[in-house]
Amino acid sequence: MKLVFAGTPEVAVPALDALIASDRHEVAAVVTRPDAPAGRGRRLVASPVAQRAEEAGIEVLKPARPRDEDFLARLREIAPDCCPVVAYGALLPKVALDIPARGWVNLHFSLLPAWRGAAPVQHAVMAGDEVTGASTFLIEEGLDSGPVYGVLTEEVRATDTSGDLLTRLAFAGAGLLAATMDGIEDGALHAVEQPADGVTLAPKITVEDAEVQWSAPALRVDRVVRGCTPAPGAWTLFRGERLKLVQATPAVDRSELAPGELSVGKNNVFAGTGSHAVELLWVQPQGKKPMRAADWARGVRIAPGELLGN
């Protein structure tokens, strides 16, 4: 099939690579979000997908909005059979959905209908899911509600951050998307409607969502830290300034600390929760680089009974 691939961040690049490598399909063009400011100089930088497509000599389309008439006209000229999508980042209007003969097929990083929305992997980690996965489905106008072509499952490991899990799913999902394109082309694969039961939503995780509540149990604190790593980053207040929690782990043998209370040893730092303590391993003070929690604690000279969260 002639394909137009839509995607933007680094997590979409493995799927693009898999389709470029396929001997059954032609990636005729790539659709991605416009260049965005990045770095200290806020210089405009092309998306990872755009950079990979340019390296491969593939035409790159960067519409400000996917309903722009110039973009729609070019898409009609290319006349793709199908448009595979991974984390494109913009809502596709019906006028665009109707152009490819076999529709737009999205690789979504959850076992649909669970975790429909922008942040399925973060929500799976924060909810304590033991298994998640990826799904390919035909895009409709609803939110991730279209019929499903294929799925794969992936264990959520006890120490996984959302970044760890998403990286594994990106590579495994690349194979699923390529296989889905093969199955659509030869007619062996037919999409199945999603069940009405089991729908959960995964909206974007905000900075406010990422604030650690020390009155919560240690298990919840651990999930928030892992689920919000690398973005937007779990955080708390310390002496009125934001402190990012880069890595922490439950410490089941420490239960004497009040919620948020700090205890500093020679090489470790513990913080109380609503159950047992967590050990802070890596933190990032405001305006500084990440550092070992023990080094941070020595530098700020924590007083006995001092609390996080205020």
- Note on the structure: Contact list, first residue from segment 290-308 and loosely packed, with under 12 Cβ neighbours inside 10 Å, second anywhere and in a strand (DSSP E or B) and at pLDDT 95 or above, beta-carbon distance below 8 Å, six or more apart or interchain, is Gly305/Glu261
- If you take the residues in segment 232-244 that are without any contact (Cβ under 8 Å) to a residue 40 or more places away in the chain and either in a loop (DSSP other than H, G, I, E, B) or farther than 11 Å from Gln286 by Cα (or both), which one is most open to solvent (accessible area, probe 1.4 Å)? Pro232
- Item | Wholly within segment 27-99, strands (runs of 3 or more DSSP E) carrying at least 1 residues that are open to solvent by 70 Å² or more (accessible area, probe 1.4 Å) and at pLDDT below 95 | 43-45
- Message: What's the total number of residues in segment 249-269 that are open to solvent by 20 Å² or more (accessible area, probe 1.4 Å) and outside any loop (DSSP other than H, G, I, E, B)?
- Response: 5
- Task: Could you please let me know if Ser145 is hydroxyl-bearing (Ser, Thr, Tyr) and within 18 Å of the chain's Cα centre (by Cα)?
- Result: no
- Task: Please indicate, with yes or no, whether at least one residue in segment 183-206 is charged (D, E, K, R) and within 27 Å of Pro304 (Cβ to Cβ).
- Result: no
- Which residues, taken from segment 227-275, are at pLDDT 95 or above, more than 28 Å from the chain's Cα centre (by Cα) and basic (Lys, Arg)? Arg239
- Message: Whether any residue in segment 189-205 is open to solvent by 70 Å² or more (accessible area, probe 1.4 Å), among the polar types (S, T, N, Q) and touching a helix residue (DSSP H, G or I) at 6+ places or on another chain (Cβ under 8 Å) is what I want to check.
- Response: no
- Message: Report every pair of residues separated by at least 6 positions or lying on different chains whose Cβ atoms are under 6 Å apart, first residue within segment 251-275 and without any contact (Cβ under 8 Å) to a residue 24 or more places away in the chain and farther than 15 Å from Trp235 by Cα, second small (Gly, Ala, Ser) and part of a loop (DSSP other than H, G, I, E, B).
- Response: Leu257/Gly272
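The values are calculated or read from the model by the stated rules, or taken from the named source; none is laboratory data. Quick caveat: nothing in here was measured; it's all calculated off a predicted structure. In this analysis, Cβ positions are derived from the backbone assuming ideal geometry, glycine residues included, and neighbour counts consider all displayed protein chains. Only protein heavy atoms, including side chains, enter the accessible area calculation; ligands, DNA and RNA are left aside. Shrake-Rupley method; radii C 1.70, N 1.55, O 1.52, S 1.80 Å.
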